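Worksheet: the structure to be examined is printed underneath.
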Number of protein chains: 2
Amino acid sequence: MMRRMIGGLLAISAAMSHADEGMWLFNRPPVQEVEEKYGFKIETEWMDHLRESSVRLSSGGSGSFVSAEGLVLTNHHVGARIIASLSTPERDLIQNGFHARKFGDELPCGGLQLNVLVSIKDVTAEVQASITDGMGAEAAVMARRAVIAKLESVPDEESERVLRDVVTLYQGGAYHLYEYRRYTDVRLVFAPDNQVASYGGDADNFEYPRYCLDFCFFRAYEDGEPVKVDHFLKWSEEGAQENELAFVSGHPGSTDRGLTHAQVKAMRDVWMPYSLEMAKRREVLLEAWGSRDLENRRRSKRRLVGTRNWRKAKDGRLAGLLDPGFMEGHRASEMSFRKRLDASSEGKDAEAAFVEIEELLERQKQEGFRGALFGGGDAFDGELFQIARTLVKAAREGEKPDEERQSGFREADRVSLELRLFADDPIYRDLDELRLADSLSFLCGKLGSADPAVAAVLSGKSPKARAAELVRGTGLNDVKLRKRLYEGGKKAIEASDDPMIALVRSIDGEIEMLEERYQRDEEILKQCHERISRARFALDGETGYPDATFSLRLSFGKVSGISEGNIPFHTNYGGLYERERKQASTPPFDLPTRWKDAGKKVDESVALNFVSVHDITGGNSGSPVVNTDGELIGLIFDTNLDGLTNDVAYDGTSGRAVSVDSAGMMHALEVVYEAEELVSELRK
Amino acid sequence: MMRRMIGGLLAISAAMSHADEGMWLFNRPPVQEVEEKYGFKIETEWMDHLRESSVRLSSGGSGSFVSAEGLVLTNHHVGARIIASLSTPERDLIQNGFHARKFGDELPCGGLQLNVLVSIKDVTAEVQASITDGMGAEAAVMARRAVIAKLESVPDEESERVLRDVVTLYQGGAYHLYEYRRYTDVRLVFAPDNQVASYGGDADNFEYPRYCLDFCFFRAYEDGEPVKVDHFLKWSEEGAQENELAFVSGHPGSTDRGLTHAQVKAMRDVWMPYSLEMAKRREVLLEAWGSRDLENRRRSKRRLVGTRNWRKAKDGRLAGLLDPGFMEGHRASEMSFRKRLDASSEGKDAEAAFVEIEELLERQKQEGFRGALFGGGDAFDGELFQIARTLVKAAREGEKPDEERQSGFREADRVSLELRLFADDPIYRDLDELRLADSLSFLCGKLGSADPAVAAVLSGKSPKARAAELVRGTGLNDVKLRKRLYEGGKKAIEASDDPMIALVRSIDGEIEMLEERYQRDEEILKQCHERISRARFALDGETGYPDATFSLRLSFGKVSGISEGNIPFHTNYGGLYERERKQASTPPFDLPTRWKDAGKKVDESVALNFVSVHDITGGNSGSPVVNTDGELIGLIFDTNLDGLTNDVAYDGTSGRAVSVDSAGMMHALEVVYEAEELVSELRK
């Protein structure tokens, strides 16, 4: 499955243009491209309806309204974290699913919010005007932060319902202000059994053919009532048809197609090996702990699934980068562009920017992993540390004028920050202790136990003993304490004798220094890319689409199977039952009891999953797939292995988007879950 | 479970002496120590009987004769590799177990051999005489290799049945020549179902309480008939008694108790993080592949179990090293010893040796991981590469005079080498391809894709594509081809167009250089430790026992539970069934059908596993535990988590050896497996 992947490196998009490629801006849709290739004219009204029906989830995925009463369709894996937090040992909503047959039974999801894009405004001139010639990188960070904070600010009385976000496009080539309608009261309506939602588990993840019912429903509420929405997607009973033109409307998280060759090399040789090493050790830890006991398994399953998913995605992406053929093409394309730069003074400046990026990367390589370990928090895995870190940082940033604060800690972020900080998700101390101990050992391995900062963190104890002391000693699992510390600000943090707070306090100076260094580097990269973009636009014009930024995008392409291996475009319920038989019902190929019982009622010929040629990536999970009539025919939930290189280079030959078919979801709701209420709501 | 762990670093034993500590030499048993503490006198005859009954398995574990007809008891996990190789998809001897009710049904185990220690001779003077003052490190390697090869040589007509091995003790403080009776025709007699042999799988591994029937039986044959042996251990029907004195006779693989502090630090900060990173990525790979399909799972299970076991052991050991308290004690003890060195000229020389070791370690750190990746083969995981490497190396070493060859490729090693090289174990190309691709990616991550040696290995392809080309293209799965290449020597290797042979040929120069460098470093370390040992013996006398070397040792101690947590000394069958119930029969806590069916016949009060205070480590797996009457009361199969630091520092407080009780094995044979033939053979 695709989760939103947070990239550590910045990108601009080269103006490439292949068949069906592109994550297009809603204010610059591929009207001409689609009309030329498919003879279909994208109308403004059609786009507006799709935009108003599209939803972004704060848990890091996409979704859509599918009824007038605020019913939202997304992936089960996008909702899984919330669903797990609503579970208890006695009532495991992940394993057994959930279904509220009336509004009153729908379960409030603290911490989850939905955003619907209302408008886009180009604010490039205002943002770029804040940076003046000769301004140092740190001053530029502050200046840009200040103008963005101002643009994003929302009057207090509106902040519950309005979110403004300045999106950096073409890595500083353009800035757009996105305004969202915000819904903070979201409730769980329906979730299928996990065994069928993520059928085949990690084993089948990123593979195709697939057999997953990876969907669930939430509902947006306002003032205690289901929201009435004007725009929602009509549910197609027929589902996807082979070779039809379809569109995906969703929020691809991030892509790196505009990286310079030096950046791609650094990613391949330094940063990806590092982060994969960390991901694999976390995966081993979670698997080992989960294997000891059924209750451990339940508690760690979601995290393990997420870790595996991330690791598999990164491994696939790294495999693409380790292909010398790809790298040579990337290098050659950059070289040919750089050769064309000699002509103008803008060109010379862009060439200088390429060199500056190389120098910065070399310096980062020399600095090693301290920034990621302390600043990025890799050395401190676990919920309780994260809470402490957020509290200390909120107190620190709270002392600064709003416009100087770091992203995530400004007034405009207050609602999200508090929702997250005060969400009463269960915290498993035993697992938190293991995670912290393991990441502290990772820290020792990376910097050496003799490193003064490491020794200070461990304070004379082994990682295991230190983690035990911190996790057993902290009171931060108590939301009341968090509120007290948060509201008490810097004074309360300084006075606290909570051991986890004390640890973060003792390293917050180093953390802040590393955060600032990281931001300064990001700023330098941003300015370099801006200079390169300017030269590119001057040479080739502003064509194409920018790299993904977890903002709403439109992709287009055909519903189509894969010629290599002759893989048909869709699978059906017959295939699901057959895979279960062949794997002797061994997990993760076992079906829930109700699916076994339903056997005869299920029509084996009904479509379950399908593939299409759409340019998507992590963050697109839960995106609606619509046909030219704007009807919902499917629900994006994954990409196949060959599609994993999309983040760096689009591949339309064997890379595919994988969706749940609308017909398959409807059939499951009708015959297996007997969810008459939902079925009739969807047919309204 | 404990497997033999091959340590990368050398060690001598500091003359430490704690209660019940020690892996004692059979030619210097702890007679005085045991008599003083327990009032039991170890007699020569008692020792000889135990020695003649003890067996070393070439698969890397220990065992014992338990009948006059050559029946050998060892752990299921020691035999698992062989048992797996005798399995097919139709007849899975790992999953379902095996039982030959008559000699004719016993299954020949190609590649497995047993060694019984016949005599020990001190050859220190002869070996040390070969090294003269002023000889360089490389000349010393050659000179020592030559004298050892001569001492180990066996006339051709005896080589089938005699194995001679010069064991380096106290890291060069002493050399002993061990002569073994060798059995090369070994057959599988009995194996229980894997689910009960390794009950709880990796989840319960290194934990206690435990419920494992980790045993199996082989039989030694000669001239097609079961061997008649004069010495074997009488089977105790009562099993282990609380607080009784017991002995373990087995082959601990290696310990590092004599490392200098600088070596321990390098292990903690450089080498263990590196090897754990590799182990964890291999674990992730095997788990992911096995999860895709039941047949994948069967094929990779043994390797996954081994990888997890190794990783857990190393993680436990590293956790010990990351304890600043332990490290400070280690440092202080070395410092106080080094302070005492000033007095004599030998002392000054020893102090210089400490410094030389530090310098060597610093140089190794600068050289990085190239030696491990190319010389150690970490970059080339997979059976087919290993075969190619062995063939190319055999051809290369075959050109040299016997005494100059590397260990493992001398005349004396011929039988073992050929057994291993021509064993027709199944090779799974798909898994081999994945393993090779993954380790090539690891290589890219460690040295960077731009490294010339890495680029040469990949030859313009991605790790994935290169591995596919090599594994799909090689014919080395065919034993006949291997024989032809082996017999054809250098000429045949040079003429071969097999792609895997061609790859190894192209890097063999680098491999040989790195192997030589490694051996030179080992020699320098050896000589340094020799100088330190001399000074230590001069100050304190030659007391105690040397570090483990996979040679026969005796440990003594009490059968005893663990006071922290009040854990009783033994578990019983009632506990086994209870754990299954509590974990809802979820793998790895499910029991095989026959164990469920046998439910009522099984006496829940019969002892299953027990713990004892014995100083053991990997390689001791399968060791007999005997009482003062020399009767077999148990079978070592593991150590608990706290015992994992044993390799560096013995811990007798909460560290424990874990055994299968002899009473428990007998009960299972009688009531569950209805193995009357074995039961009566054991009672004879």
| field | Qualifying GluC sites (Glu not before Pro) in the stretch A:193-244, DSSP loop, other Cβ atoms within 10 Å at most 16 | value | A:E207, A:E237, A:E238, A:E242, A:E244
| request: Provide, in order from the shortest bin, the percent of all Cα-Cα pairs of the stretch A:22-91 in each 10 Å bin, continuing until the bin that contains the maximum pair distance. | output: 16, 34, 28, 14, 6, 2
| field | Low-density loop positions, GluC sites (Glu not before Pro), the stretch A:74-156 - DSSP coil, at most 15 other Cβ in 10 Å | value | A:E90
| query | Label points 7 Å out from Cα along the Cβ direction at A:A139 and A:E404: separation in nm? | reply | 1.5 nm
| Separation between Cα centres of the stretch B:211-230 and the stretch B:60-131, rounded to whole Å | 8 Å
| request: Compute from the Cα atoms of the stretch B:331-463 the Rg and the Dmax, the latter being the longest Cα-Cα distance, and quote both in angstrom. | output: 21.3, 63
| note | With the dipole of the stretch A:554-683 defined by +1 on each Lys or Arg Cβ and -1 on each Asp or Glu Cβ, the option from A:G664, A:G618, A:A598 whose Cα lies farthest towards the positive pole is A:A598
| request: Starting from a label point 7 Å past Cα on the Cβ side, list the distances from A:A139 to the same position in the other copies, nm, shortest first. | output: 6.9
| task | Using a Förster distance of 35 angstrom, determine the FRET efficiency expected from the C-beta separation of A:E157 and A:I427, and round it to 0.05. | result | 0.55
| request: Could you check the simple spin-label distance between B:K491 and A:L539, using points 7 Å along Cα→Cβ, in nm with one decimal? | output: 6.0 nm
| Let a ≥ b ≥ c be the square roots of the eigenvalues of the Cα gyration tensor of the stretch B:409-547; is it rounded (a/c under 1.5), or, if not, prolate (a/b larger than b/c) or oblate? | prolate
| query | Using alpha-carbon positions, what is the distance between the centroids of the stretch B:326-383 and the stretch B:460-515, in Å? | reply | 35 Å
| Residue by residue through the stretch A:143-151, which ³J(HN,Hα) values in whole Hz follow from phi under the Karplus form 6.51 cos²θ - 1.76 cosθ + 1.60 (θ = phi - 60°), with glycine and proline marked x? | 5, 5, 4, 5, 5, 5, 4, 5, 5
| remark: Accessible-area order for A:K684, A:K480, largest to smallest, probe 1.4 angstrom, reads A:K684, A:K480
| request: Quick one: Debye curve from the alpha-carbon atoms of the stretch B:562-684 only, equal weights, vacuum; give me log10 I(q)/I(0) at q = 0.13, 0.14 Å⁻¹ to two decimals. | output: -0.63, -0.72
| said: Show me, for the stretch A:318-334, the HN-Hα J-couplings you get by feeding each phi into the Karplus relation (A = 6.51, B = -1.76, C = 1.60, θ = phi - 60°), rounded to Hz, glycine and proline as x. | reply: 4, 4, x, 6, 7, 7, x, x, 4, 5, 5, x, 4, 5, 4, 5, 5
| Can you work out D for the stretch B:215-277 in µm² s⁻¹ from Stokes-Einstein, where Rh is the Kirkwood radius over C-alpha pairs, the temperature is 4 °C and the viscosity is 1.567 mPa s? | 74 µm²/s
| note | Cα-based Rg/(2.2 N^0.38 Å) for the protein assembly as shown, rounded to two decimals, is 0.98
| message | Limiting things to C-alpha atoms, what are the Rg and the maximum Cα-Cα separation (Dmax) for the stretch B:498-575, in angstroms? | response | 23.9, 61
| query | Taking the label point 7 Å from Cα in the Cβ direction, how far apart in nm is A:E158 from each other copy of itself, listed shortest first? | reply | 9.7
| From the square roots a ≥ b ≥ c of the eigenvalues of the alpha-carbon gyration tensor of the stretch A:156-285, which class results: rounded (a/c under 1.5), prolate (a/b over b/c), or oblate? | oblate
| query | For the stretch A:366-431, what is the convex hull volume of the alpha-carbon atoms per residue, in Å³? | reply | 95 Å³
| said: What whole-number distance in Å separates the alpha-carbon centres of the stretch A:591-608 and the stretch A:295-323? | reply: 29 Å
| For A:V166, which sequence-distant residues (separation of 5 or more, or a different chain) have an amide H within less than 5 Å of its own amide H, given hydrogens modelled in the peptide plane? | A:Y178
| query | Taking amide H positions as placed 1.01 Å from N in the peptide plane, with prolines and chain starts having none, which residues 5 or more places from A:V189, or on another chain, fall under 5 Å of its amide H? | reply | A:F217, A:F218, A:R219
| According to the Kirkwood expression over distinct Cα-Cα pairs, how big is the hydrodynamic radius of the stretch B:208-344, in Å? | 20.3 Å
| Counting pairs of Cα atoms in the stretch A:42-147, how many percent are more than 25 Å apart? | 48 percent
| query | Applying 1/(1 + (r/R0)^6) with R0 = 60 Å to the Cβ-Cβ distance of A:E225 and B:Q366, what FRET efficiency is obtained, to the nearest 0.05? | reply | 0.30
| task | Report, ordered by chain and residue number, the lysines lying within cross-link reach of A:K490, taken as a straight Cα distance under 23 Å and ignoring same-chain residues fewer than 8 apart. | result | A:K393, A:K400, A:K480
| said: Calculate log10 I(q)/I(0) of the stretch B:395-484 for q = 0.11, 0.17, 0.21 Å⁻¹, where I(q) comes from the Debye formula with a single equal point scatterer on each Cα and nothing for solvent. | reply: -0.48, -0.92, -0.99
| said: Show me, bin by bin at 10 Å from 0, the whole-percent P(r) of the stretch B:276-358 based on Cα pairs. | reply: 16, 26, 18, 17, 14, 8, 2
| request: Note down the magnitude of the dipole of the stretch B:43-101 about its Cα centre, charges +1 on Lys and Arg C-beta and -1 on Asp and Glu C-beta and zero elsewhere, to the nearest 20 debye. | output: 320 debye
| query | How about the stretch A:558-653: which GluC sites (Glu not before Pro) there lie in a loop by DSSP and see at most 10 other Cβ atoms within 10 Å? | reply | A:E564
| query | From the square roots a ≥ b ≥ c of the eigenvalues of the alpha-carbon gyration tensor of the stretch A:563-628, which class results: rounded (a/c under 1.5), prolate (a/b over b/c), or oblate? | reply | prolate
| When only the heavy atoms of the protein chains count and the probe is 1.4 Å, how do A:R340, A:R656 rank by accessible area, highest first? | A:R340, A:R656
| query | Can you tell me the Rg and the Dmax, both Å, for the Cα atoms in the stretch A:316-387? | reply | 18.3, 56
| task | Can you run the Rg to Rh ratio on the stretch B:515-618? Use alpha carbon positions and the Kirkwood inverse-distance Rh. | result | 1.24
| query | P(r) for chain B: what percent of alpha-carbon pairs falls in each 10 Å bin, starting at zero? | reply | 3, 15, 25, 28, 20, 8, 1, 0
| task | Put one equal scatterer on each alpha carbon of the stretch A:282-325, apply the Debye formula with no solvent term, and list log10 I(q)/I(0) at q = 0.19, 0.20, 0.34 1/Å to two decimals. | result | -0.58, -0.62, -1.08
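The values are calculated or read from the model by the stated rules, or taken from the named source; none is laboratory data. Here the structure is a predicted model, which is why all the values come from computation and not from measurement. Glycine also receives a Cβ, built like all others from the backbone with ideal geometry; neighbour counts cover every protein chain displayed. These accessible areas exclude ligands, DNA and RNA; they are computed on the full protein's heavy atoms, side chains included. Shrake-Rupley method; radii C 1.70, N 1.55, O 1.52, S 1.80 Å.
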